[in-house]
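S.K.: Mind having a look at this structure? Questions to follow.
Any read-out appearing in this document is the output of simple, stated calculations on the displayed coordinates, not a laboratory observation. Since we're looking at a predicted model, the values are computed, not measured. Counting neighbours? That spans all protein chains shown, and the Cβs are built from the backbone with ideal geometry, glycine included.
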Amino acid sequence: MNTELLQKPFSRRVFTRVLGALIAGASLLRVPVGAQAQASSQAQAASQAQAQPASRSEPINRIAFGSCVHQDKPQPVWDVVNAAKPDVFVFLGDNIYGDSEDPAVLQAKYEQLGAVPGFQQLRQQTDVVAIWDDHDYGVNDGGLEYPSKEASRQVMLDFFGEPADSERRSRPDGIYTSYVYGEPGNTVQIILLDLRWNRTALHEVADAEKRTSRLVQDMGPYDASLEPGATMLGEAQWQWFQQQLQVEASLRIIGSSIQLLADFTGWETWANFPADRQRFFNLLHTSPIVPTVIISGDTHWSEFSRIDNSGLPFPLVEMTSSGLTEEWQAISPNRHRVGEAFAQANVGLIEIDWSVQPPAVVMQIRDVEGAVLIEQRVGF
Ligand SMILES: [Fe+2]
């Protein structure tokens, strides 16, 4: 999503298991999960690549995340993030508004982000991980067809300190990844899906009247992609995701750059790919049951969504935080929304309550002053 929409409506927006020996023998607790077979040396290399990686013997307690940060804009939100001292920060996409097939342009925009003092402090004090969405991929609402994805990923992974030998750099179908933090019995798995590399065609509404009526309802220009083979993840990533859901964890956080639980909005959400969305639910409830929450971005507003009948023994809750700088006033209807939605710059915080088993989470959206806009406690 981007702000140009205001002038141009409808071009909007814009393993697995913890390596026991490694964990037991190291104070560094973040383990990249994708390269499990390559064991400890690669995991340690990945962690060392972070500016100041998490290094503690206790489980992580606080995770912050956000999306949609425009490199040209003031970014007061970092003061709120840094004051909260999260153990991990997740960039959920649109981490720059790159919007170029030229990797030099993307690199220059990442350098703008990298020069922001608040971001620099974040890198110094917090473990930072990232996935992309369309604008940092390189094009608004881009997918499988985008020709410069290879160049885009190298620039992005360079910026975020991904090791040179990481499979995220060379895997033929995208930069999806996962991490496990903590010790056995108190582990948090974070899965970050790549919703760009393999995403098949979107279908834009052609009829002018229908488009206008969508706009009046604060809805976007897309119809669902129902053709055989329509997919967001692609088959190899689905297989990988299924394996990730076998990982033992006390808490699982699934990062989706675009909204997953939200009702159909006509903008980019999983609802445009109903077969994939249903496959997601099916996989969750046919895999070992682990307390799970969804985090997402992209929208330029913040909200909670909840589905009670996903097949899991607990309500499935999604917290959408967007944007770190971007704001979009025309909030779409969403029958799965819980409470209010807020169209002001914000960041998401997840506090894990380890005093109960299974752990509970307190999920908050905070504005750039640090005020709590929305809060949900989620038990399992
Ligand atoms: Fe986006």
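S.K.: Using the alpha-carbon centroid of each, what span in Å lies between the stretch 113-186 and the stretch 314-380?
M.R.: If you average the Cα positions of each part, the centres end up 23 Å apart.
S.K.: To make sure I understand the rule: partners must be aspartates and glutamates, Cα under 15 Å from the Cα of residue 73, and not fewer than 8 residues away in the same chain. Which ones qualify?
M.R.: Leaving aside aspartates and glutamates fewer than 8 places away in the same chain, those within reach of residue 73 are 4, 94, 111, 326, 327.
S.K.: Just to be sure I follow: if Rg is taken over the C-alpha atoms of the stretch 216-275 and Rh is the Kirkwood radius over the same atoms, what is Rg/Rh?
M.R.: So for the stretch 216-275, dividing Rg by the Kirkwood Rh gives 1.05.
S.K.: Still on this structure, I have one more. Determine, for 363, 319, the number of other Cβ atoms within 10 Å of each Cβ, and report the residues in order from fewest to most.
M.R.: If I rank by nearby Cβ atoms, fewest first, I get 363, 319.
S.K.: Taking 8 Å as the Cα distance limit and 6 or more residues as the minimum spacing, I'd like the relative contact order of the stretch 126-243 as a percentage. Intermediate results must be reported in sequence, preceding the final value.
M.R.: Numbers: 128 pairs, mean separation 28.6, N = 118.
Relative CO of the stretch 126-243 lands at 24 percent.
S.K.: Cut-off 16 Å, label point 7 angstrom out along Cα-to-Cβ of residue 101: give me the residues of the stretch 126-156 whose amide nitrogen falls inside.
M.R.: Answer for the stretch 126-156: 137-153.
S.K.: Which distance in nm do the two modelled labels at residue 158 and residue 375 give, with both placed 7 Å along the Cα-to-Cβ direction?
M.R.: Going by the 7 Å Cα→Cβ label model, 4.3 nm.
S.K.: Once Rh is set to the Kirkwood radius over Cα pairs, what Stokes-Einstein translational diffusion coefficient, in µm²/s, holds for the stretch 63-147 at a temperature of 4 °C and a viscosity of 1.567 mPa s?
M.R.: Here the translational diffusion coefficient equals 98 µm²/s.
S.K.: If you stretched the chain out fully between residue 203 and residue 263, how much longer would it get, using 0.36 nm times the residue separation minus the C-alpha to C-alpha distance?
M.R.: Separation in residues times 0.36 nm, less the Cα-Cα distance, equals 19.9 nm.
S.K.: Still on this model: Mind ordering 97-105, 262-270 by average Cβ neighbours within 10 Å, highest first?
M.R.: 262-270, 97-105
S.K.: What Kirkwood Rh does the stretch 124-238 have if only Cα atoms enter the pairwise 1/r average? Answer in Å.
M.R.: Result for the stretch 124-238 stands at 16.5 Å.
S.K.: Now for a separate question. Which of the trypsin sites (Lys or Arg not before Pro) found in the stretch 303-349 are loop residues per DSSP with 10 or fewer other Cβ atoms within 10 Å of their Cβ? Present the calculation step by step, with values, prior to reporting the outcome.
M.R.: Details: sites: 306, 335, 337; in loops: 335.
Of the trypsin sites (Lys or Arg not before Pro), the ones in loops of the stretch 303-349 whose Cβ has at most 10 other Cβ atoms within 10 Å are 335.
S.K.: Once you place label points 7 Å from the Cα toward the Cβ at residue 145 and residue 223, how far apart are they in nm?
M.R.: According to this spin-label approximation, the distance is 1.6 nm.
S.K.: Give me the one-decimal Kirkwood hydrodynamic radius in Å for the stretch 238-380, with the sum taken over alpha-carbon pairs.
M.R.: Result for the stretch 238-380, one decimal place: 15.5 Å.
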